[in-house]
Amino acid sequence: MKKVYWIVFLFSLIFGFFFTKELWKQINRQTFPKELIEQIDSRELKSKLTSLEKEVLNQFEAIKKREYNLKCDKVVEMIRPLLNSENGVELGSYILGKLLLSEQLSSKNSLFVLNKLRVLKMRRQNFLESIRYCLEYIKLAKYTDSDYDVDRGKMGLSIIISSLNGYEISNQILREIIKENQNYKGSNQVKIVALLNLAENNIRLFNHDESLDSLDEIMERSKQEAEIYINSLMIIVDSLYSYNYVYLNDKEKAKYHLIRAEEFLSKRQTSYFIDEHLYYAVAESLYNLYFELESFSEEKTIEILELVENKTDFGFLYYSYEVLFEYYKKISDFEKYEDLKRKYDKKMAKINEINYTMLSLYMIESLESGISNREYKQLVNRVVRMSLYIIGLILGIVFSIRKVSGLQEISTKDSLTKIGNRKLFDSTLIKISDKNFYMLLFDIDNFKKINDTYGHNFGDSVLRKIGYLLQIKEQQYKLNTYRIGGEEFAILFLGECCSREKCLNISEEIRKDIENLIWIRDIKVTISGGLSYRCNKVYEESDKLLYEAKRSGKNKISNNFLDNIGE
């Protein structure tokens with residue numbers, strides 16, 4: 001009989017593998033809809049390429065499709081020299097689109113390419129396409145559960161929206177990023193960049209106090225970063241401080257921060273931010289315009305304007321035009337003012353025309369996608385049917401394994417509190433017997449009285465709430481938490497938490513958090529505990545300390561660290 005079950009199991013496994021693979025392909029294709037990628041006619045493109053552009057295209061076409069994922073970084077670097085060439089953006093979009101449509105890229109590389117496509121579209125002031133790539137980037141980042149990339153995508157979206165003068169909406173997105181309690185690597189730097197953008201948006205909205213608050217928070221957060229990063233960051237921060245104080249007509253403070261920005265610019269070793277020098281150049285022009293007009297350089301400001309004409313972030317563009325408009329008014333050169341106004345209007349009209357055209361095409365595309373909606377529904381139905389079939393296969397596999405092995409699942413979770421149970425606690429103690437660890441045993445003070453007074457249902461709710469709090473602490477500090485009987489709980493401090501100071505702080509934090517819990521009854525729930533370092537009879541030692549805490553007044557954590565010095 002066992003032989004039959006093994007055959008069924010192996011057959012189900014093989015069959016399930018091929019169906020799952022097909023399902024994955026279909027889902028992945030939906031993650032990257034082909035209509036998202038701009039279809040560029042390769043013949044027409046090749047006919048107008050310069051010699052350098054043709055050389056880059058030939059290098060790309062020499063790469064085999066199966067090598068796209070491995071050589072993704074190399075392909076992106078090939079495109080970089082073309083960004084300012086005649087057909088560079090179009091060729092770059094064509095090559096990056098090929099990479100995405102190949103379905104050869106990993107999720108990480110797909111995110112990388114999508115971000116580059118977003119930036120390329122912004123170079124041509126194609127906001128609609130850039131937003132679409134940005135939204136697709138966020139969608140994929142959420143799909144791959146990458147908080148870092150989700151925040152990067154939101155940041156990109158906020159920059160696009162602020163370029164369209166949607167500063168309030170942009171600020172909403174940035175505040176959401178700043179408020180999130182994310183602990184991924186580099187989260188502090190992501191929040192710093194969000195605060196920089198928030199400060200700049202608020203300057204454009206004339207909310208100078210809020211802008212200064214954001215810059216002050218950056219100063220505080222920067223203390224967590226390396227000096228080399230701070231030197232680069234402060235060029236922008238002090239430049240933005242100077243912007244604010246210029247508009248607030250505070251010459252002394254504006255000058256102070258301008259000098260600081262210049263000092264950081266001179267000692268910068270590595271650039272962590274794009275266009276740091278431009279922030280300083282604009283700050284200098286603004287300061288001279290309002291406070292030292294004789295030092296103002298029209299030529300330098302025009303150079304900045306020409307330099308930022310095709311920048312992805314329009315902040316510098318608006319600043320440059322604004323400074324020159326103000327300068328021509330100050331010197332009463334209305335001829336130059338009108339010439340600049342015509343240039344500005346022409347620039348804005350071109351940007352609006354591009355985006356109006358793209359919006360029209362997007363509406364047409366939306367109508368066409370509505371016509372093909374039935375085909376999409378058929379695909380969804382196939383995916384749902386396939387999913388149900390696979391679920392059936394999985395259940396069959398589980399049943400076969402249970403039949404063959406004769407094993408029953410052993411639960412290691414306490415059913416009431418959803419943390420580890422006594423069985424898991426005992427088995428973990430055996431596994432870590434030769435390792436360093438600390439143990440905290442605690443129970444709920446006067447729990448029998450709570451049960452007798454308010455009933456067992458309320459008593460269970462107390463246990464559940466404490467269990468939920470321990471689950472949060474378990475995730476926050478990577479603890480091992482258990483309910484080992486009745487109202488008694490245990491915590492094992494291992495790995496990163498295995499230090500005297502951390503154990504004391506976390507134990508005391510848990511005690512205070514439980515004491516501060518709010519209940520539907522007018523009561524206060526407290527705990528008493530014993531904290532001990534690993535020894536021959538660590539459980540007995542912790543238990544003894546627990547009862548010492550009880551005898552000495554309750555609502556406290558006793559420890560034996562004076563007796564056990566070694567760690």
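The values are calculated or read from the model by the stated rules, or taken from the named source; none is laboratory data. Since the structure is predicted, the reported quantities are computational estimates derived from the model, not experimental observations. Cβ: placed from backbone, ideal geometry, glycine included. Neighbour counts: every protein chain shown.
Table for the structure above
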{"item": "Condition met for Asp313 (at positive phi and at pLDDT below 90)", "result": "no"}
{"item": "Within region 193-281, helices (runs of 4 or more DSSP H) holding 1 or more residues that are within 25 Å of Glu168 (Cβ to Cβ)", "result": "208-221, 227-247"}
{"item": "Residue selected from region 39-56 under the condition in a loop (DSSP other than H, G, I, E, B) and surrounded by fewer than 14 Cβ atoms within 10 Å (Cβ to Cβ), by the criterion modelled with the highest pLDDT", "result": "Lys48"}
{"item": "Answer from Ile203, Ile192, Ile173, Ile159 - the residue that is β-branched (Val, Ile, Thr) and touching a residue at least 60 places away in the same chain (Cβ under 8 Å)", "result": "Ile159"}
{"item": "Ile450 vs. criteria more than 30 Å from Cys497 (Cα to Cα), at pLDDT below 90 and either in contact with a Gly (Cβ under 8 Å, 6 or more places away or on another chain) or surrounded by 13 or more Cβ atoms within 10 Å (Cβ to Cβ) (or both)", "result": "yes"}
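Residue-by-condition table, conditions (1) under 22 Å from His456 (Cα atoms); (2) of a type in the set (A, V, I, L, M); (3) surrounded by 13 or more Cβ atoms within 10 Å (Cβ to Cβ):
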| residue | (1), (2), (3) |
| --- | --- |
| Phe489 | yes, no, yes |
| Leu494 | no, yes, yes |
| Ile518 | yes, yes, no |
| Gly530 | no, no, yes |
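Yes/no matrix, rows are residues, columns are (1) part of a helix (DSSP H, G or I); (2) in contact with a Cys (Cβ under 8 Å, 6 or more places away or on another chain); (3) crowded, with 16+ Cβ neighbours inside 10 Å; (4) modelled with pLDDT of 85 or more:
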| site | (1), (2), (3), (4) |
| --- | --- |
| Asn58 | yes, no, no, yes |
| Lys74 | yes, no, no, yes |
| Tyr94 | yes, no, yes, no |
| Lys121 | yes, no, yes, no |
| Cys134 | yes, no, yes, no |
| Lys142 | yes, no, no, no |
